[in-house]
Amino acid sequence: QVQLAESGGGLVQPGGSLRLSCAASGSIFSIDVMGWYRQAPGKQRELVATITSGAGTNYADSVKGRFTISRDNAKNTVFLQMNSLKPEDTAAYYCNAHARFGPAPDTYIYWGQGTQVTVSS
């Protein structure tokens with residue numbers, strides 16, 4: 001089993017910044033991909049950004065140039081630096097990890113509980 005602990009959400013004014021963190025714990029052999037997704041009220045969960053163990057990144061068009069995803073492989077931790085925040089970024093943000101428990105290529109997907117980000121004046 002893998003536990004994902006998110007932190008860093010909160011209330012921020014438009015144009016402000018927040019940094020989210022997500023630490024994975026458990027009997028993990030490795031984590032191939034880590035990512036952030038978000039879900040606003042009444043909407044489907046959507047991809048924000050992902051990062052591979054080799055630091056390859058992918059971003060939603062709506063956050064390109066404003067958000068930066070990074071990770072610390074030694075600590076199984078992923079970060080999301082969010083700058084120039086807009087009211088439409090308001091959502092619950094969920095951490096995601098594709099974990100392995102041994103050298104076999106099988107991965108298992110885990111989700112965090114979510115952390116709320118509210119952008120409002």
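The values are calculated or read from the model by the stated rules, or taken from the named source; none is laboratory data. The model shown is predicted, which means the values in this text are computed figures rather than measured ones. Cβ: placed from backbone, ideal geometry, glycine included. Neighbour counts: every protein chain shown. Please note that ligands, DNA and RNA were not included when accessible areas were found on the heavy atoms of the full protein model with its side chains. Shrake-Rupley method; radii C 1.70, N 1.55, O 1.52, S 1.80 Å.
Criterion first (more than 15 Å from Leu18 (Cβ to Cβ), among the basic types (Lys, Arg) and modelled with pLDDT under 95) does Arg71 satisfy it? Full working, then the answer.
Working: more than 15 Å from Leu18 (Cβ to Cβ): yes; among the basic types (Lys, Arg): yes; modelled with pLDDT under 95: no.
Here the answer is no, as Arg71 does not meet what is asked.
Of Gly16, Gly65, Gly26, Gly35, which residue is at pLDDT 95 or above, at positive phi and small (Gly, Ala, Ser)? Break it down into steps so the answer makes sense when it comes.
Numbers: Gly16 fails: at positive phi; Gly26 fails: at pLDDT 95 or above; Gly35 fails: at positive phi.
Every option except Gly65 fails the conditions.
Could you please give the count of residues in region 48-62 that are open to solvent by 60 Å² or more (accessible area, probe 1.4 Å) and either among the aliphatic types (A, V, I, L, M) or over 16 Å from the mean Cα position of the chain (by Cα) (or both)?
Number satisfying all stated conditions: 2.
Rundown of residues vs (1) under 12 Å from the mean Cα position of the chain (by Cα); (2) open to solvent by less than 60 Å² (accessible area, probe 1.4 Å), yes/no style:
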residue	(1), (2)
Ser27	no, no
Gly35	yes, yes
Ala74	no, no
Asp89	no, yes
Gly112	yes, yes
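What do you reckon, is Thr90 polar (S, T, N, Q) and under 25 Å from Ile28 (Cα atoms)? Before the answer, list the steps.
Working: polar (S, T, N, Q): yes; under 25 Å from Ile28 (Cα atoms): no.
No, not satisfied.
Confirm whether Ile69 is aliphatic (A, V, I, L, M), under 22 Å from Ala5 (Cα atoms) and open to solvent by less than 50 Å² (accessible area, probe 1.4 Å). If you could, list the steps in order and put the result at the bottom.
Values: aliphatic (A, V, I, L, M): yes; under 22 Å from Ala5 (Cα atoms): yes; open to solvent by less than 50 Å² (accessible area, probe 1.4 Å): yes.
Here the answer is yes, as Ile69 does meet what is asked.
Return the pair list, or none, for Cβ contacts closer than 6 Å from residues in region 77-100 that are in contact (Cβ under 8 Å) with a residue 24 or more places away in the chain and over 14 Å from Ala5 (Cβ atoms) to residues that are open to solvent by 40 Å² or more (accessible area, probe 1.4 Å) and of a type in the set (S, T, N, Q), at least 6 apart or on different chains.
From region 77-100, the pairs are Gln81/Thr68; Asn83/Ser17; Thr90/Thr118; Ala91/Gln39; Ala92/Gln39; Ala92/Gln116; His98/Thr107; Arg100/Thr107.
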